[in-house]
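The values are calculated or read from the model by the stated rules, or taken from the named source; none is laboratory data. The structure presented is a predicted model; accordingly, all values stated were derived computationally and were not measured. Cβ sites come from the backbone with ideal geometry, for glycine too, and all protein chains shown count toward neighbours.
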């Protein structure tokens, strides 16, 4: 099973050193969350049952693809993922170009975690309709896939329309970099199975994780999709060796970890976990 590093749980000043150390230790990937904007007034939460946003509006936020391209320039092997990218807030031309560029400059190491988003005020600030975000995400993904894989593309849809365009060069990974759909709702799981190459979940215990996995497998069966190439990834901040094996037995392909309480403890935490597990 692959182990990724949750950069979103770090002070940004530690992104580079933890990525470099993660690569040296054998971690497979790093994952960076993002928002386009954080309004002063926010409501809701991506966590089921939570009433308040998990972050304040003063949280440092970066352009995920620019930051990951910076990390790509300093590394050779570790994969670089968005976890997650709010794809519906951008025109698909913008997203397709950002993904393509990261994949090219990294030599084919991009992982694209996307979601429909949970912050209604962010959508209002960008003058987009929160209620129709699911359909908008679906159309964005459909357009991006065509841009990444077809020589010429014209499109007429509910949200986007354009005459024939050419999009070059294509990403290194064909037909496109792995596209992982995030989200915890049944709609998100259905979207992952319908249009994604995998699912990127939040932090889970074994009971909640097993329930999501069972649901994904049922949905894959309904669509007659082969479950083998479909990635299942979720967070487990500081797993033990036994817990890692238990997650693996449940069918998890990747755990995204954060084995520290404070950013200054992150390097020691990554080393400690790697030592406990052997080479990740």
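For the reader, a short list of remarks on this structure follows.
- Of the residues making up the range 223-242, those that are farther than 24 Å from residue 82 by Cα and in contact (Cβ under 8 Å) with a residue 24 or more places away in the chain are 223, 225, 240, 241.
- Residue check for residue 82: surrounded by 15 or more Cβ atoms within 10 Å (Cβ to Cβ), over 18 Å from the mean Cα position of the chain (by Cα) and either without any contact (Cβ under 8 Å) to a residue 60 or more places away in the chain or assigned to a strand (DSSP E or B) (or both): no
- Unique residue being under 30 Å from residue 212 (Cα atoms), in a loop (DSSP other than H, G, I, E, B) and in contact (Cβ under 8 Å) with a residue 24 or more places away in the chain when the list is 46, 56: 46
- Number of the exception - residue 33 against (1) over 18 Å from the mean Cα position of the chain (by Cα); (2) under 23 Å from residue 185 (Cα atoms): (1)
- Matching option when the condition is surrounded by fewer than 21 Cβ atoms within 10 Å (Cβ to Cβ), modelled with pLDDT of 95 or more and in contact with a helix residue (DSSP H, G or I) (Cβ under 8 Å, 6 or more places away or on another chain), among 225, 241, 271, 217: 271
- Note on the range 221-253: residues that are closer than 15 Å to residue 193 by Cα, under 20 Å from the mean Cα position of the chain (by Cα) and not in a strand (DSSP E or B) total 4.
- Filtering the range 27-38 to residues that are surrounded by 16 or more Cβ atoms within 10 Å (Cβ to Cβ) and not in a strand (DSSP E or B) leaves 27, 28, 33, 34, 35, 36, 38.
- Top-ranked residue in the range 107-133 [being touching a helix residue (DSSP H, G or I) at 6+ places or on another chain (Cβ under 6 Å) and touching a residue at least 40 places away in the same chain (Cβ under 8 Å); ranked as farthest from residue 44 (Cα to Cα)]: 110
- Residue within the range 207-214 that is within 23 Å of residue 133 (Cβ to Cβ) and in a helix (DSSP H, G or I) present: yes
- Yes/no for residue 231 being on the phi > 0 side of the Ramachandran plot and out of contact with any helix residue (DSSP H, G or I) (no Cβ under 8 Å at 6 or more places or on another chain): no
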